[in-house]
Amino acid sequence: MKDEKEVGYINNKQLHIELEPVLEACVSTLAKIRYNQVASELLQRSKKEELTREIRPLRLFLETADFNKLRGESEPHLVEGRKAKFRLHLEEGKPEYEMKVTE
């Protein structure tokens, strides 16, 4: 059995991180911003369970994602005025994402 703390779970629920790119800020930029926010908050406060579990998936996503591909998937929708939202999570210790497009 996997250690739930190791694979991004909180209270037995899988952690999902949502990033919603816009034309001015792609998913890579948003992931970097969120990573820096979480790291900063962790340094300023006592360790919060959710923050410590959020930083690992963000770091792995930043290290491994093909951001040119992700921009290619989301930008056509953004140009047409739709919203794209990326939902990140860890699957067997590896970062995974799904993209949802809304009007």
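Quick one: which residue in LEU70, LEU62, LEU90 is within 17 Å of PRO21 (Cβ to Cβ) and either touching a residue at least 40 places away in the same chain (Cβ under 8 Å) or part of a loop (DSSP other than H, G, I, E, B) (or both)?
Numbers: LEU62 fails: either touching a residue at least 40 places away in the same chain (Cβ under 8 Å) or part of a loop (DSSP other than H, G, I, E, B) (or both); LEU90 fails: within 17 Å of PRO21 (Cβ to Cβ).
Just a single option satisfies the conditions, and that option is LEU70.
Considering each residue of the stretch 73-87, count those that are outside any helix (DSSP H, G or I) and more than 15 Å from GLU18 (Cβ to Cβ), and give that number. Quick ask: steps written out before the conclusion?
Step one: list which residues in the stretch 73-87 are outside any helix (DSSP H, G or I), which gives 80-87.
From what is left, the residues that are more than 15 Å from GLU18 (Cβ to Cβ) are 80-82.
The total comes to 3.
Does LEU90 count as modelled with pLDDT of 95 or more, within 26 Å of GLN14 (Cβ to Cβ) and not hydroxyl-bearing (Ser, Thr, Tyr)?
Details: modelled with pLDDT of 95 or more: no; within 26 Å of GLN14 (Cβ to Cβ): yes; not hydroxyl-bearing (Ser, Thr, Tyr): yes.
Spelling it out, it is not the case that LEU90 is modelled with pLDDT of 95 or more, within 26 Å of GLN14 (Cβ to Cβ) and not hydroxyl-bearing (Ser, Thr, Tyr).
If you take the residues in the stretch 46-82 that are in contact with a Ser or Thr (Cβ under 9 Å, 6 or more places away or on another chain) and among the basic types (Lys, Arg), which one is nearest to THR29 (Cα to Cα)?
ARG71
Taking only pairs six or more apart or across chains, which ones have beta-carbon atoms under 8 Å, a first residue in the stretch 1-30 that is at pLDDT 50 or above, and a second residue that is of a type in the set (Ser, Thr, Tyr) and exposed (fewer than 11 other Cβ atoms within 10 Å of the Cβ)?
Every condition considered, no pair remains.
Which residue is farthest from LYS83 (Cα to Cα), if the candidates are limited to the stretch 34-51 and must be modelled with pLDDT of 80 or more and surrounded by 13 or more Cβ atoms within 10 Å (Cβ to Cβ)?
LEU42
Looking only at the stretch 71-103, count every residue that is among the basic types (Lys, Arg) and surrounded by 14 or more Cβ atoms within 10 Å (Cβ to Cβ) and tell me the total. Write out each step before concluding.
The first filter runs over the stretch 71-103 and keeps only residues among the basic types (Lys, Arg), leaving 71, 82-83, 85, 87, 94, 100.
Now drop any that are not surrounded by 14 or more Cβ atoms within 10 Å (Cβ to Cβ), which leaves 71, 83, 85, 87.
Looking only at that region, the number is 4.
Which of the residues belonging to the stretch 19-38 are part of a strand (DSSP E or B) and among the small types (Gly, Ala, Ser)? Show your work before the answer.
Quick first cut of the stretch 19-38, residues part of a strand (DSSP E or B) only: 19, 22, 25.
Hit for the stretch 19-38 is ALA25, nothing else.
The values are calculated or read from the model by the stated rules, or taken from the named source; none is laboratory data. All figures in this text were calculated on a predicted structure; none of them were measured in a lab. Cβ sites come from the backbone with ideal geometry, for glycine too, and all protein chains shown count toward neighbours.
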